[in-house]
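A.B. asks: Structure below; questions to follow.
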Amino acid sequence: MIRLDQVGKQHGARILFLDASMSVFRGEKIGLVGPNGAGKTTVFRMITGEEAPDVGQVIVERNITIGYFSQDVGEMSGRSVVAETMAGAGEVSDVAREMKQLETAMEDPARADELDRIVARFGDVQARFDELGGYALESRAREILAGLSFAPEAVDDDVGKLSGGWKMRVALARILLMRPDVLLLDEPTNHLDIESIVWLERFLKDFEGALVMTSHDRELLERVVTKIVEIDGGELTTYSGTYSFYEKQRTLAEAQHEAQFARQQAMLAKEQAFIDRFKARASHAAQVQSRVKKLEKIERVEPPRRRKVIAFDFPKPQRSGDDVAKLSAVTKRYGAKAVHDGLDMLVRRGERWCVMGVNGAGKSTLLKMVAAETRPDSGEVTLGASVKLGYFAQHTMELLDPSETVIQTLERAFPRASLGSLRTLCGAFGFSGDDIDKPCRVLSGGEKARLVLARMLFDPPNFLVLDEPTNHLDLGTKAMLLEALSDYDGTMLFVSHDRQFLTGVSNRVLELTPQGPRPYGGGYTEYVTLTGHEAPGVD
């Protein structure tokens, strides 16, 4: 259906692709992976024709429909959420628009002489609308919006009232409603909660067309895709299999390449040593000349590209008292709605509570009350002896000084730390080379999150309260954070939509239900086993 054939692409002085090729066949589900800035979005833009390759060609089969979801959402206002969703559903929405125009034309007395032609055209358009499933369009739109966690009342409200994250969900719903031949999804889970991610995973598994997707959600990639295309050093390398199969194959290929390079380097060194030793002796002139020619003809193995994976040994936090946080008869209302009503909870040292619940259950509110970011209407929230609390939420990223650089932010926070240790910390959180001199005002959401987490974990508190800490983090940084927190010797209370993170970190679960809070003694894995679902509200 789609082929990139020996494509070359350059942005300014930066080379993205050199002689790169990949194919997308019918029904394939492909994960597009690679470091940030490698060119994943550029692949999508070349497929859709928004960008052209400098050399090579992008071949797209004629008459196929492509649905492309990107992070760049246009202006939305003036229509209901469901109407906005249906308006972007591709051909079926165009046909619906024409049907409406023809219905108006049939009722217009001024066009009575055209009636036969209009009626004939209406018959053709109506048949096409039916063929495309147009009469079920609104019910399908509402079903998709419900799957993406829209409340029934929100679906008929003005789309212009939504935040950027919710408008992103509307844009995703439009693409899914299209039912195109090829789905291109660029980070579709960035603004989704775990319930929506589980629903999207099922939708994509059942989707009959071809899929090309980038995602920072390892679990989603593992469960949905059957082929990985990796962008690395300007090349596109295809691996047939799941994401975990790709990781194993890549590790094996890297080890083989390293061994091959090492063997050749040893052979070249041996030959060069012979040449250097005997080049001045006339008796060995023929042998020396022969070996020089042999070296000139050898095709050199490229040095292996080593992936930068910087581990950082986070220090142990000071020990807290046994009782870390206690909530007693806590009530919190927003208007007429009681988000928490008489909530009791005790967090003990060493526990890692993940808080779960559907949208509006009060997960973030609970964390804010524990972190003293908001006060309960009644009841008490108290911290135990020697508790040093660190709080991470999306708004904390906006508290960075925009005029300071990455390294200056860390130097101000830790004036006694050595520059070397701070540079290593930067590297562990994905800031290498000149990145440490970037001012905070130009950082992306993901970069700000990494900087705030780096600052928090360099001298870690003994009680971490984290609200969606993995939002916008790439797979490599997530893996590093997961490893660091697996060895963390403190207490945690957190909300996350990342199933790998939930599995790797939690040892307690608090589910906020309409009937009240429900604690589970084990971690997320035990919660899934006991409840039979991966998230509240998901069957």
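A.B. asks: Scan the stretch 260-267 and tell me whether some residue there is part of a strand (DSSP E or B) and modelled with pLDDT of 85 or more.
C.D. replies: Within the stretch 260-267, the subset part of a strand (DSSP E or B) is none.
The answer is no; no qualifying residue exists.
A.B. asks: Okay, moving on. I'd like to verify a number: residues in the stretch 424-443 that are among the aliphatic types (A, V, I, L, M) and in a loop (DSSP other than H, G, I, E, B), how many?
C.D. replies: Residues that pass the stated criteria total 1.
A.B. asks: Just one of D186, D158, D217 is of a type in the set (D, E) and either modelled with pLDDT under 90 or assigned by TED's automatic domain parsing to the domain that holds L137 (or both); which is it? Full working, then the answer.
C.D. replies: Details: D186 fails: either modelled with pLDDT under 90 or assigned by TED's automatic domain parsing to the domain that holds L137 (or both); D217 fails: either modelled with pLDDT under 90 or assigned by TED's automatic domain parsing to the domain that holds L137 (or both).
Step by step, each of D186, D158, D217 is checked, and only D158 is of a type in the set (D, E) and either modelled with pLDDT under 90 or assigned by TED's automatic domain parsing to the domain that holds L137 (or both).
A.B. asks: Of everything in the stretch 169-198, what is part of a strand (DSSP E or B) and either surrounded by 22 or more Cβ atoms within 10 Å (Cβ to Cβ) or at positive phi (or both)? Give them in sequence order.
C.D. replies: As a first pass, look at the stretch 169-198 and keep what is part of a strand (DSSP E or B): 182-186.
Those that are part of a strand (DSSP E or B) and either surrounded by 22 or more Cβ atoms within 10 Å (Cβ to Cβ) or at positive phi (or both): V182, L183, L184, L185.
A.B. asks: While we're here: Mind counting the residues in the stretch 151-168 that are in contact (Cβ under 8 Å) with a residue 60 or more places away in the chain and either assigned to a loop (DSSP other than H, G, I, E, B) or of a type in the set (K, R) (or both)? Steps first, answer last, please.
C.D. replies: Within the stretch 151-168, the subset in contact (Cβ under 8 Å) with a residue 60 or more places away in the chain is 151, 154-160, 162, 164, 167-168.
Now drop any that are not either assigned to a loop (DSSP other than H, G, I, E, B) or of a type in the set (K, R) (or both), which leaves 151, 156-157, 162, 167.
Counting residues in the stretch 151-168 that are in contact (Cβ under 8 Å) with a residue 60 or more places away in the chain and either assigned to a loop (DSSP other than H, G, I, E, B) or of a type in the set (K, R) (or both) gives 5.
Residue by residue, here is whether (1) surrounded by fewer than 17 Cβ atoms within 10 Å (Cβ to Cβ); (2) in contact with a strand residue (DSSP E or B) (Cβ under 9 Å, 6 or more places away or on another chain) holds:
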position	(1), (2)
Q6	yes, yes
R14	yes, no
D19	yes, yes
F25	yes, yes
F44	no, yes
E50	yes, yes
R62	yes, no
M76	no, no
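A.B. asks: Scan the stretch 139-150 and tell me whether some residue there is of a type in the set (A, V, I, L, M) and modelled with pLDDT under 90. Can you show your working first?
C.D. replies: So in the stretch 139-150, the residues of a type in the set (A, V, I, L, M) come out as 141, 144-146, 148.
With modelled with pLDDT under 90 added as a condition, the list becomes none.
Within the stretch 139-150, none of the residues are of a type in the set (A, V, I, L, M) and modelled with pLDDT under 90.
A.B. asks: Considering only the stretch 321-338, how many residues are touching a Gly at 6+ places or on another chain (Cβ under 6 Å) and buried (at least 19 other Cβ atoms within 10 Å of the Cβ)? Walk me through how you get there before you give the answer.
C.D. replies: Here is the first cut: in the stretch 321-338, the ones touching a Gly at 6+ places or on another chain (Cβ under 6 Å) are 321, 323-324, 328-331.
Still in the running and buried (at least 19 other Cβ atoms within 10 Å of the Cβ): 324, 330.
Selection size over the stretch 321-338: 2.
A.B. asks: Considering (1) surrounded by 21 or more Cβ atoms within 10 Å (Cβ to Cβ); (2) within 13 Å of M356 (Cβ to Cβ); (3) among the charged types (D, E, K, R); (4) within 22 Å of the chain's Cα centre (by Cα), say which one R450 fails and leave the rest.
C.D. replies: Of (1) surrounded by 21 or more Cβ atoms within 10 Å (Cβ to Cβ); (2) within 13 Å of M356 (Cβ to Cβ); (3) among the charged types (D, E, K, R); (4) within 22 Å of the chain's Cα centre (by Cα), only one is false for R450: (2).
A.B. asks: Counting just the residues of the stretch 274-304 that are assigned to a loop (DSSP other than H, G, I, E, B) and without any contact (Cβ under 8 Å) to a residue 40 or more places away in the chain, which one comes out nearest to A262 (Cα to Cα)? Break it down stepwise before answering.
C.D. replies: The initial filter retains those residues of the stretch 274-304 that are assigned to a loop (DSSP other than H, G, I, E, B), namely 279-281, 298-304.
Then drop every residue that is not without any contact (Cβ under 8 Å) to a residue 40 or more places away in the chain, which leaves 279-281, 298-300.
Working: K279: 25, A280: 29, R281: 30, I298: 15, E299: 14, R300: 11 Å.
Top of the filtered list is R300.
A.B. asks: For the stretch 340-357, name all the residues that are at pLDDT below 95 and buried (at least 20 other Cβ atoms within 10 Å of the Cβ).
C.D. replies: H340, L343, M356, G357
To keep it simple, each residue is scored yes or no on (1) among the basic types (K, R); (2) closer than 15 Å to L466 by Cα; (3) in contact with an Asp or Glu (Cβ under 8 Å, 6 or more places away or on another chain).
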position: P317; (1), (2), (3): no, no, yes
position: Y334; (1), (2), (3): no, no, no
position: K337; (1), (2), (3): yes, no, no
position: D341; (1), (2), (3): no, no, no
position: L346; (1), (2), (3): no, no, yes
position: R349; (1), (2), (3): yes, no, yes
position: A361; (1), (2), (3): no, no, no
position: S378; (1), (2), (3): no, no, no
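A.B. asks: Tell me, yes or no, whether the stretch 240-256 has at least one residue that is touching a helix residue (DSSP H, G or I) at 6+ places or on another chain (Cβ under 7 Å), in contact (Cβ under 8 Å) with a residue 40 or more places away in the chain, polar (S, T, N, Q) and surrounded by 18 or more Cβ atoms within 10 Å (Cβ to Cβ).
C.D. replies: no
A.B. asks: Kindly evaluate A146 against the criterion of being within 30 Å of G445 (Cα to Cα), without any contact (Cβ under 8 Å) to a residue 60 or more places away in the chain and in a helix (DSSP H, G or I). Before you say what the answer is, go through the steps one by one.
C.D. replies: Values: within 30 Å of G445 (Cα to Cα): yes; without any contact (Cβ under 8 Å) to a residue 60 or more places away in the chain: yes; in a helix (DSSP H, G or I): yes.
Yes.
A.B. asks: OK, next. So D313 ticks every box in (1) in a loop (DSSP other than H, G, I, E, B); (2) in contact (Cβ under 8 Å) with a residue 12 or more places away in the chain but one. Which box is left unticked?
C.D. replies: Failed condition: (2).
A.B. asks: Next up: Select from the stretch 199-244 the residues that are of a type in the set (D, E, K, R), under 28 Å from S149 (Cα atoms) and not in a helix (DSSP H, G or I) and list them in ascending order. Quick ask: steps written out before the conclusion?
C.D. replies: Within the stretch 199-244, the first condition is being of a type in the set (D, E, K, R), and the residues that meet it are 201-202, 205-206, 208, 217-219, 222-223, 227, 230, 232, 235.
Adding the requirement that they be under 28 Å from S149 (Cα atoms) leaves 201-202, 205-206, 208, 217-219, 222-223.
E208, D217 - these are the residues of the stretch 199-244 that are of a type in the set (D, E, K, R), under 28 Å from S149 (Cα atoms) and not in a helix (DSSP H, G or I).
A.B. asks: Restrict the check to the stretch 373-385 and report whether at least one residue is modelled with pLDDT of 90 or more and under 28 Å from G34 (Cβ atoms). Walk me through how you get there before you give the answer.
C.D. replies: Of all residues in the stretch 373-385, those modelled with pLDDT of 90 or more come to 373-385.
Adding the requirement that they be under 28 Å from G34 (Cβ atoms) leaves none.
The answer is no, given that none of the residues of the stretch 373-385 is modelled with pLDDT of 90 or more and under 28 Å from G34 (Cβ atoms).
A.B. asks: Taking interchain pairs and intrachain pairs at least six residues apart, which have beta carbon atoms under 6 angstrom, with the first residue in the stretch 125-136 and without any contact (Cβ under 8 Å) to a residue 12 or more places away in the chain and the second surrounded by 11 or more Cβ atoms within 10 Å (Cβ to Cβ)?
C.D. replies: Listed pairs, sorted by first residue: none to list.
The values are calculated or read from the model by the stated rules, or taken from the named source; none is laboratory data. Here the structure is a predicted model, which means the values were calculated and not measured. Neighbour counts are summed over all protein chains in view; Cβ atoms, including those assigned to glycine, are modelled from backbone coordinates with ideal geometry.
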